[in-house]
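What follows is a short report on a single structure.
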Amino acid sequence: MAIHIIDEANRCLNCKKPRCMEGCPVHTPIPHIIQMFKEHQVMDAGKELFQNNPMSVICSIVCDHEQQCAGHCVLGKKGNPVHFSSIENYISDTYLDRMKIQVPEEKKKPVAVIGAGPAGLTVAIILAQHGYKVTIFEQQDKIGGITRYGIPEFRLPKSILDRLEKQILAMGIRIRPHTAIGTVLTIDDLFRDGYASVFVGTGVWKARNLGIPGECLANVHFGIDYLENPSAYDLGEKVAIIGMGNAAMDVARTALRNGALQVTLYARGTHVAANSHEMAYAELDGAQFVFGKAIERITETGPVFKTSIIDENNKVVGYEEGEDQVEADSTIIAISQGPRNRLIRTTVGLEGSDKGLLIVDENEMTTREGVFAAGDVVHGSKTVVHAVEEAKKAAAAMIAYMEKES
């Protein structure tokens, strides 16, 4: 471990008004968990973490801790904050294989969960704990969603998801892999076959394009597609990446681990959407960053840019004359993703925004009665813990809805 977690736990001040909890989207009871850890109550602490956040073992690795728990720690004002993530990871990882989740033997109504990403898994686990008969419909062959197919192995070992799947199956949750609702089967079919409610947690898997010439060339790829299966791509030695978000950093680091010798990320202005740690890791791995370059088109020899004119407020106010051709064997577009719209197209009454995101009310119910949604498919690409936060609200609303309908 990078940090000796016992020493780290002893640094906690056990604040009466813990700002770290305020910074956590799911309000993990951090001082209480640390106190339990110090008293050697690791399994009890693991149970409490799991009950509060079923994705705790994942969030302890991939959360933006510098903006959340650690970023709000009072010790961080004048020195180093308590790195609770390392403590949480030890506890949650230890608990994962030993947990004994009690679920009622007598099952209530059947519930369908579409998508086995963080939101879908959270809803499935909560509903199973409340006695509902849950079936997850997942278009891929394995669970995890963005955590399996969008976060590289070196950041999040997939073995963690495999271990989590064993516990999910032990809870009585059924999983139908390679089943994309909205193709052969529809939401209407789910209601026809007796499901009392449906949860949609399909995420955002449709790459956003730039709308520029050259995007159809053989040496141009989209970041979200590349991360799903990097071994399927031969990028060559020189790689240009358009974008500087967290996904772009993952693409850069993955490319460098898969044979690329020179990887450069380009941004139109001076803003970096990725958090500082992810950018620092990418730089350590050898990635280079170029600012003030606006992509114009892509050729078989690489991207073509215009140089941005940036004012004293770091805003792009125009472009210089001429173009800059950059040589690259491959160009990867990693600017953002949106949702696929097949559920909206195949479901009567299900409406989306102008961006294709599902519209929900204050109870996370969509415009179709009995269909709920949360996570990226509602708000666009955000963090795992934000998906968990919304999924918990959706699960509570689904239980209230089904009990009212009884």
(message) So I309 passes all but one of these: (1) more than 30 Å from A128 (Cβ to Cβ); (2) outside any loop (DSSP other than H, G, I, E, B); (3) in contact with a Pro (Cβ under 8 Å, 6 or more places away or on another chain); (4) aliphatic (A, V, I, L, M). Which condition number does it fail?
(response) (3)
(request) Filter the helices (runs of 4 or more DSSP H) completely within segment 176-291 down to those with at least 2 residues that are out of contact with any helix residue (DSSP H, G or I) (no Cβ under 9 Å at 6 or more places or on another chain) and more than 30 Å from D324 (Cα to Cα). (result) 187-192
(request) Any residue in segment 31-48 that's free of Cβ contacts under 8 Å to residues at least 12 places away in the same chain and more than 22 Å from C73 (Cβ to Cβ): show its pairings with residues that are among the aliphatic types (A, V, I, L, M) and in a helix (DSSP H, G or I) at Cβ separation under 8 Å, as long as the two are six or more apart or on different chains. (result) D44/M36
(message) Just to be sure before I move on: is I309 buried (at least 17 other Cβ atoms within 10 Å of the Cβ) and of a type outside the set (D, E, K, R) in the structure I sent?
(response) no
(message) For a quick check of your reading of the model, give me the residue pairs whose first member lies in segment 374-389 and is within 19 Å of N275 (Cα to Cα) and touching a residue at least 24 places away in the same chain (Cβ under 8 Å), whose second is of a type in the set (G, A, S) and part of a helix (DSSP H, G or I), with beta-carbon atoms closer than 7 Å and at least 6 apart or on different chains.
(response) D376/A387; A387/A119
(message) Please verify whether I136 is among the aliphatic types (A, V, I, L, M) and part of a loop (DSSP other than H, G, I, E, B), treating the condition exactly as stated.
(response) no
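Name the residue that is nearest to A394 (Cα to Cα), counting only residues in segment 191-208 that are open to solvent by 20 Å² or more (accessible area, probe 1.4 Å) and within 20 Å of the chain's Cα centre (by Cα). Talk me through it step by step, then tell me what you get.
Step one: filter segment 191-208 for residues open to solvent by 20 Å² or more (accessible area, probe 1.4 Å), giving 191-196, 202, 205-208.
Those still in the list that are within 20 Å of the chain's Cα centre (by Cα) too: 202, 205-208.
Working: T202: 14, W205: 21, K206: 24, A207: 26, R208: 27 Å.
If we take residues in segment 191-208 being open to solvent by 20 Å² or more (accessible area, probe 1.4 Å) and within 20 Å of the chain's Cα centre (by Cα), then T202 is nearest to A394 (Cα to Cα).
Take the conditions closer than 19 Å to T383 by Cα, open to solvent by 50 Å² or more (accessible area, probe 1.4 Å), among the charged types (D, E, K, R) and part of a helix (DSSP H, G or I) and apply them to E48. Does it pass? Explain how you work it out, then say what you get.
On the way: closer than 19 Å to T383 by Cα: no; open to solvent by 50 Å² or more (accessible area, probe 1.4 Å): yes; among the charged types (D, E, K, R): yes; part of a helix (DSSP H, G or I): yes.
Criteria not met by E48.
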(request) For K133, state whether it is of a type outside the set (V, I, T), over 25 Å from the mean Cα position of the chain (by Cα) and over 30 Å from R342 (Cα atoms). (result) no
(message) Quick check on my filter: what residues within segment 377-406 are in a helix (DSSP H, G or I) and modelled with pLDDT under 95?
(response) H379, E403, K404, E405
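Those residues that are assigned to a loop (DSSP other than H, G, I, E, B) and crowded, with 17+ Cβ neighbours inside 10 Å, I need them from segment 153-167; list them, please.
The first filter runs over segment 153-167 and keeps only residues assigned to a loop (DSSP other than H, G, I, E, B), leaving 153-157.
Once the filter is applied, which keeps residues that are assigned to a loop (DSSP other than H, G, I, E, B) and crowded, with 17+ Cβ neighbours inside 10 Å, segment 153-167 yields only L156.
Just one of T183, T179, T147 is of a type in the set (S, T, N, Q), in contact with an Asp or Glu (Cβ under 8 Å, 6 or more places away or on another chain) and under 27 Å from A112 (Cβ atoms); which is it?
Working: T183 fails: in contact with an Asp or Glu (Cβ under 8 Å, 6 or more places away or on another chain); T147 fails: in contact with an Asp or Glu (Cβ under 8 Å, 6 or more places away or on another chain).
Result: T179 is the single residue among T183, T179, T147 that is of a type in the set (S, T, N, Q), in contact with an Asp or Glu (Cβ under 8 Å, 6 or more places away or on another chain) and under 27 Å from A112 (Cβ atoms).
Does any residue of segment 96-117 turn out to be at positive phi and either open to solvent by less than 10 Å² (accessible area, probe 1.4 Å) or in contact with a Phe, Trp or Tyr (Cβ under 8 Å, 6 or more places away or on another chain) (or both)? Can you show your working first?
Initially, segment 96-117 is screened for residues at positive phi, giving 115.
If we keep only those that are either open to solvent by less than 10 Å² (accessible area, probe 1.4 Å) or in contact with a Phe, Trp or Tyr (Cβ under 8 Å, 6 or more places away or on another chain) (or both) as well, we get 115.
Yes - at least one qualifying residue is present in segment 96-117.
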(message) For segment 290-338, give me the residue count where each residue is closer than 18 Å to M249 by Cβ and polar (S, T, N, Q).
(response) 4
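The values are calculated or read from the model by the stated rules, or taken from the named source; none is laboratory data. Small disclaimer: the values here were computed from a predicted structure and weren't measured. Cβ atoms come from the backbone with ideal geometry, glycine included; neighbour counts cover every protein chain shown. Please note that ligands, DNA and RNA were not included when accessible areas were found on the heavy atoms of the full protein model with its side chains. Shrake-Rupley method; radii C 1.70, N 1.55, O 1.52, S 1.80 Å.
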